[in-house]
Amino acid sequence: MTDLLQQLIADLTLAAGAPVALERPSDVDHGDYATNVALQLAGRLGRPPREIAEELAGAAGNLDAVAEASVAGPGFVNLRLTDSWFLQALRETLAAGETFGSGSSAAPERVQVEMVSANPTGPITVASARNGAYGDSVARLLAFAGHTVEREYYYNDAGGQMDLFRASVEAARLGQDPPEDGYHGDYIAELAAQPGDPVPRMLAGIEASLERFRVHFDTFERQSVVETEIPEAIALLDTFEQDGALWARTSAHGDEKDRVLVRTDGTPTYFAADAAYVRRKYAKGFDRLFYVLGADHHGYVARLQALAEMLGHPRDSLEALIYQLVHLTRGGEATKMSKRRGDVVFLDDFIDEIGVDAARWYLVSRGHDQTIEIDVDLAAEKSAKNPVFYVQYAHARIAGILRNAPGGVVAQSHEVDLAGALAAEERELVKRLAEFPAVAAEAAQRRAPHAISTYAIRVADDFHRFYHHHKVLGSPQETLRLGLCAATRNVVARCLDLVGVEAPERM
RNA sequence: GGCCCCGUAGCUCAGUGGAUAGAGCGGUGGACUUCGAAUCCACGCGCGGAGGUUCGAUUCCUCCCGGGGCCA
């Protein structure tokens, strides 16, 4: 929310005597902004909503920013704002520059986002790519909101899966079939062709794929290291012995049942490693822990939160971000997603087909609670029709206009001024840009990067419409319109960055 | 059997209490001697079903139906 909008809301709240929320009416003829506060107050005050609305409209009409305030429908107050308000709003976004919309968090935290975390038994798949695309965008949103963010990748370097993986590579070296349920595929043959432990090389390959995908990790954590701290973690938990095993009393902390930590034979469970890992994370000083998990892991959330609580942290300071699975189809037929059978779609192949920008956009432009269905053939074939290019084109188009500006210079924000009445398309675009801080704040709070891509399309839409109707260079309003272009470019570039997509100067 | 997610336009999806529910793709017809036509403009169809909560429900609650997932 811009300062100007906040000021307007504060003034209206004072006039109404109750918190006012402004919204954009679906029909612009209703005004620039509207509020339903009279409808909400009517029940509480026992008065007709229209009567309250009339009073509020009268008070609002006296504000400098308001050109016209009217009552409509059952008790909405519609506001039309003055051109000078729009000018100020534009100046504000220009003056903020790169920081426009940032720092929305009232209480910045140190947070860790743990994501992907696939064991290095094969290349990253498209399913894991959704984890990375979503997790990384949430991390970007959180950082933009003012939090300090670390991205971590966690993997099991010592379990049965890794033994099977190494055995599969070894079998390939000897020209034998892989063990039962072992791994195969071209990548196994490639790893077998090189000597030594294949695990570090596999991990390096995964990291390279993710870097190419613009998902960067600050830290890599190994389970073999975490496991050494199991005793310290267990000492801090609420435990009891039964049937010769050691249990965590997770049922007293929101989990559906208690969990075994140490089996009767003395070996720790995976859950014990989880406990050590959670303890280690908090010990590093994080206020909040994010686990980005596929929907098939939703059953783990309660026990992880139980661990947080037993370790003395609020259970909701450990947040699981659950995303639904990706279903790939090829020519309308479902493709199998079994990594061990080697018929899965790898991230690198996916990127080769549709590009990093389209891949990242596609994987976050839907709600994380929504199953994604992607026809790989269609995505590749129709990439030029992908909305991501529509948004990128708006950026490139503006870059072109600004290159052609006299001297290549755009006026400073305070030099931007009105030159006659603003056109409808100009007012709509300014309003759209003014929404950005609220959109970014809500996207961060809801951990919902798809709100950014949805918004970016609207910005591009408003800009293309503005551009089509109004000449920028050489017009009497050149300075103002160049300012509008520059402000739009900043917002579009920021939106693209928040979802990991490049903002091209030329296309 | 228990739990989680989802049913919105022909298709893929936005919309977590407001006015006439929006985009993209696909379809039809228009707009380039003009700063970038990868653009713009015009035209159609829709909230799975039944109750409840209230001034008002696609949105919140209950049940049912349908799709996906996890656990047992």
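So between residue A:442 and residue A:59, what do we pick up on full extension, going 0.36 nm a residue minus the alpha carbon distance? Working shown, then result.
Numbers: separation 383, 0.36 × 383 = 137.88 nm, distance 2.97 nm.
Taking residue A:442 through residue A:59 to full extension adds about 134.9 nm, to one decimal.
Computed on segment A:152-291, with alpha-carbon pairs under 8 angstrom and 6+ residues apart, the relative contact order is 19 percent. For the pair residue A:421 and residue A:197, the difference between a 0.36 nm per residue extended length and the Cα-Cα distance amounts to 73.5 nm.
Take the Kirkwood radius over Cα pairs of segment A:430-507, plug it into Stokes-Einstein at 10 °C and 1.306 mPa s, and you get 119 µm²/s for translational diffusion.
Here the Karplus relation 6.51 cos²θ - 1.76 cosθ + 1.60, evaluated at θ = phi - 60°, turns the backbone of segment A:48-60 into coupling constants of x, x, 5, 5, 5, 4, 4, 5, 5, 4, x, 5, 5 Hz, with x for every Gly and Pro. Placing a pseudo-label 7 Å from each Cα along the Cα-to-Cβ vector at residue A:239 and residue A:150 gives an inter-label distance of 2.5 nm.
Can you give the FRET efficiency to the nearest 0.05 for residue A:7 and residue A:320, using r as the Cβ-Cβ distance and R₀ = 41 Å? Don't jump to the answer; show the numbers that get you there.
On the way: r = 38 Å, r/R0 = 0.93.
Between residue A:7 and residue A:320 the formula returns 0.60.
What's the exposure ranking of A:495, A:485, going from fewest to most Cβ atoms within 10 Å?
With the fewest neighbours first, A:495, A:485 line up as A:485, A:495.
Lys and Arg at +1, Asp and Glu at -1: add these up for the other residues within a Cβ distance under 12 Å of residue A:451 and post the number. Could you put the intermediate results ahead of the total?
On the way: positive: A:366, A:446, A:447, A:458; negative: A:435, A:442.
Residues near residue A:451 contribute +2 overall.
For segment A:12-20, 3J(HN,Hα) computed residue by residue from phi via the Karplus equation (6.51, -1.76, 1.60; θ = phi - 60°) reads 5, 4, 4, 5, 7, x, 7, x, 9 Hz, glycine and proline entered as x. Quote the FRET efficiency, to the nearest 0.05, computed for residue A:465 versus residue A:99 with a Förster distance R0 of 22 Å and r equal to the Cβ-Cβ distance. Calculated value: 0.20.
Taking label positions 7 Å along the Cα-Cβ direction at both residue A:170 and residue A:72, the computed distance is 7.4 nm, reported to one decimal.
Given the -39500 (n - 2.57) contribution per DSSP H run of 4+ residues, what per-residue ellipticity at 222 nm results for chain A, rounded to the nearest 500 deg cm²/dmol?
Value at 222 nm, helices only, nearest 500: -15500 deg cm²/dmol.
Computed over segment A:140-239, the percent of Cα pairs more than 20 Å apart is 56. Rounded to the nearest 10 degrees, the inclination of helix A:347-364 to the longest alpha-carbon principal axis of chain A is 50 degrees.
In this structure, residue A:216 and residue A:14 have a Cβ-Cβ separation that, at R0 = 35 Å, corresponds to a calculated FRET efficiency of about 0.15. Here the gap between residue A:458 and residue A:47, fully extended at 0.36 nm per residue and compared with their Cα-Cα distance, gives a gain of 144.1 nm.
Each Cα pair of segment A:378-496 feeds into the Kirkwood radius, which the Stokes-Einstein equation turns, at 10 °C and 1.306 mPa s, into a diffusion coefficient of 105 µm²/s.
Net charge dipole, chain A: roughly 620 debye, given to the nearest 20, about the Cα centre with Cβ charges of +1 for Lys and Arg and -1 for Asp and Glu.
What whole-number volume per residue, in cubic angstrom, does the convex hull of the C-alpha atoms of chain A give?
Dividing the Cα hull volume of chain A by its residue count gives 190 Å³.
Extending 7 Å from the Cα toward the beta-carbon at both residue A:83 and residue A:502 defines two label points whose distance is 4.1 nm.
A short reminder: the numbers here are calculations on the coordinates, not readings from a lab. Because the structure is predicted, anything quoted here is derived from the model rather than measured. As a convention, Cβ positions derive from the backbone with ideal geometry for all residues, glycine included, and neighbour counts pool all protein chains shown.
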